[in-house]
1. With a 1.4 Å probe and every protein chain left in place, tell me how much accessible area B:F246 has, in Å² to the nearest 10.
2. When the chain is fully extended, how far beyond the present Cα-Cα distance does A:S152 get from A:D69, taking 0.36 nm per residue of separation?
3. Determine the sum of side-chain charges near A:A106: Lys and Arg each +1, Asp and Glu each -1, restricted to other residues whose C-beta is under 14 angstrom from that of A:A106.
4. Compute, for the protein assembly as shown, the length of the dipole vector about the Cα centre, with Cβ point charges of +1 (Lys, Arg) and -1 (Asp, Glu) only. Units Debye, rounded to 20.
5. If Lys and Arg each add +1 and Asp and Glu each add -1, what is the summed charge of the other residues whose beta carbon sits under 11 Å from the beta carbon of B:N59?
6. What are the aspartates and glutamates whose alpha-carbon lies under 16 Å from the alpha-carbon of B:K267, with same-chain residues fewer than 8 places away excluded?
7. Please report, for the Cα atoms of segment B:74-203, the Rg to one decimal and the Dmax as a whole number; what are they, in angstrom?
8. Go through B:156-167, A:60-71 and give me the packing order, highest mean Cβ count within 10 Å leading.
Amino acid sequence: MSLLKSRSTAKIPKVYTFRRPKLSVLSWIVALLWLLVALVPYFFMIGFGFKGQTELFSSPAWKPPAKWDPVNFLLVLQGTYFRALLNSIIVVVVSMVIVVLIASSASFAFARLRFRGNAIIFSAVVAGLIVPQHTTLIPIYILTNKLHVYDSLAALIGPYVAFAIPITIFILTQFMREIPKDFFEAAIVDGASHSRVFFKVYLPLARTALVTVVIFNSVALWNEFLFAYVLTSSSNKRTLPLTVFDYQGQYASNTPAIMAALTLAAVPLFLAYFIFQEKLVNGVMAGAIKS
Amino acid sequence: MSASVHKLVRKDGKKAQNILAPLWFLLPALIMVAIFIYYPVLATANMSFKNYKLFDQSNIFYNGFENFRGIFKDLAFRRILQNTVLWVTVSLFFQFFIGFGLALYLKKKFKFSGLYQSIIFIPWALSGFLMGLVWKWIFDDNLGVLNDMMLKLGLIDTPVPWLSNANWAMAAVIIANIWYGVTFFVIMILAALQGVPNEILEAAELDGCGKAKTLLLVIIPYIRPTLILIVLLRIIWITNFPDIIFGMTSGGPNQQTHILSSWLVQKITYDQDWGSGSALGLLMLCVLFIFTVFYLLATRLEKDSEGN
């Protein structure tokens with residue numbers, strides 16, 4: 001969008017302005033090819049979900065189901081699907097609210113406040129990026145038991161928030177450093193407190209970067225598997241990915257039912273992608289890493 | 001004059017008053033990171049020197065470097081190390097170039113480009129583990145879609161043992177991983193491309209640069225710092241991403257498709273050998289740390305020698 005705008009205002013003879021962007025035939029082919037590649041696994045997943053168990057083994061995999069029988073989907077929906085959906089929403093929303101609040105305030109401090117050890121503490125936090133989550137699994141499992149939150153949604157919030165913090169602070173601090181320092185100094189000189197400058201100036205100005213980190217982290221947390229697998233066990237505490245995993249044990253041999261469960265698990269994000277469309281990509285890009 | 005003096009005093013006063021301010025801004029984030037990242041890493045480091053098996057809790061004791069020795073002596077270790085290198089390099093290579101290509105196309109606006117852009121996200125509609133389950137069915141030796149199609153098209157005469165042969169299985173999990181990770185590069189590179197000022201591009205065109213030349217000599221050097229950073233992030237994330245492997249092969253056949261991180265998860269959850277798992281985790285962390293330091297040094301040195 002901004003590209004187009006700057007183009008139209010550029011004072012360059014018309015001959016030299018870029019041709020109106022058009023996709024060549026080759027580009028179309030590449031775009032369609034990736035579209036196909038991206039969607040193919042889902043086609044089969046959905047198709048398998050409608051097939052009968054014997055049909056799955058007798059008919060060719062690429063053949064559409066003989067009849068579009070939703071029985072597998074109804075089976076899944078009768079289970080804990082909606083409970084799991086709600087759990088996922090709760091965990092992601094709560095985690096994201098906490099992440100945005102505490103990571104943005106820390107980023108503000110890293111970007112604008114002068115204190116001893118700023119660079120070192122910043123590096124120490126961002127270094128959390130390289131820690132494999134699996135390395136922390138056992139201690140966090142033990143900790144969760146000690147805190148008596150094992151097998152609850154609360155157990156997930158801690159690690160989810162913590163592991164989202166390094167990348168979030170990295171992106172937000174970078175973004176806030178780009179906000180002209182004058183804003184900060186002017187506000188301080190006018191007698192505003194740091195927290196006022198943060199809430200009234202920096203937080204609103206960092207909105208685009210916040211959208212980016214929220215989208216990225218939300219998708220990652222929505223799809224998080226390992227912590228949810230280890231820190232919860234009962235079916236009404238499972239998040240969506242884990243509920244489908246549990247179906248896999250429950251309907252071990254009923255592949256169509258598993259595929260139906262997978263399809264239903266993909267529905268929420270499919271819908272989200274479809275509804276938000278280019279807002280999503282623009283949002284992610286606006287605050288993405290620029291060094 | 002007096003106004004500025006007044007301001008200075010207030011400024012100083014504020015400063016003195018706010019000496020603790022950074023702390024309040026930082027503390028919540030630091031506490032979370034300390035509890036859920038740093039403390040666990042230290043606890044893991046401690047546990048890696050213990051004989052600690054979940055099914056044998058009466059027999060927990062410090063055993064020196066026994067866990068590390070066990071890992072190096074494991075018959076599967078060499079294979080798993082090779083797999084990890086292969087998994088990271090091949091996945092990264094294809095994800096990067098496919099992602100770069102798509103980003104170049106998507107940079108231009110076209111009809112339905114909004115809709116198309118959201119399709120870029122589509123691989124991320126399911127968690128890696130669940131996506132692995134779907135890919136498992138596509139690669140299935142006997143019932144799989146891929147073998148079925150290739151047989152029909154006459155590309156092969158006998159089904160490819162995609163998941164039962166270790167090498168084919170490794171190829172299969174990497175293909176699935178490439179598919180899953182392209183999205184990241186498209187978004188990140190697209191963002192970087194949008195950051196290239198239009199004036200530079202126009203100047204390049206005025207100077208008679210062709211498309212390829214503009215890309216190689218203008219665009220890529222401009223976004224290079226971003227590329228360096230996202231490649232590093234991606235290497236770390238691919239290394240720490242066992243989900244697809246678990247969904248597709250669980251490391252089988254016979255441990256032959258494990259990478260370090262999936263092996264680690266298996267040690268923790270299935271083998272319940274927490275001592276050995278911790279040792280492996282500590283090793284991974286050290287390797288990643290050393291790699292990151294060298295990577296950053298190397299890219300920075302290069303930059304310095306260019307005179308930036």
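The values are calculated or read from the model by the stated rules, or taken from the named source; none is laboratory data. From a predicted model like this one, the values you see are computed outputs, not experimental measurements. Neighbour counts are summed over all protein chains in view; Cβ atoms, including those assigned to glycine, are modelled from backbone coordinates with ideal geometry. Please note that ligands, DNA and RNA were not included when accessible areas were found on the heavy atoms of the full protein model with its side chains. Shrake-Rupley method; radii C 1.70, N 1.55, O 1.52, S 1.80 Å.
1. Estimated to the nearest 10 Å², B:F246 gives 20 Å².
2. Values: separation 83, 0.36 × 83 = 29.88 nm, distance 3.57 nm.
Length difference between fully extended and current span is 26.3 nm.
3. Values: positive: A:R112, A:R177; negative: none.
Once all neighbours under 14 Å are counted, the net charge is +2.
4. Numbers: 48 positive and 28 negative charges, 406 e Å.
With Lys and Arg at +1 and Asp and Glu at -1, about 1940 debye.
5. Working: positive: B:K50, B:K53; negative: B:D56.
Summing Lys and Arg as +1 and Asp and Glu as -1 gives +1.
6. B:K267 reaches B:D56, B:E66, B:D74, B:D243.
7. 18.5, 59
8. Details: B:156-167: 15.2, A:60-71: 13.0.
Going by the mean number of other Cβ atoms within 10 Å, highest first, we get B:156-167, A:60-71.
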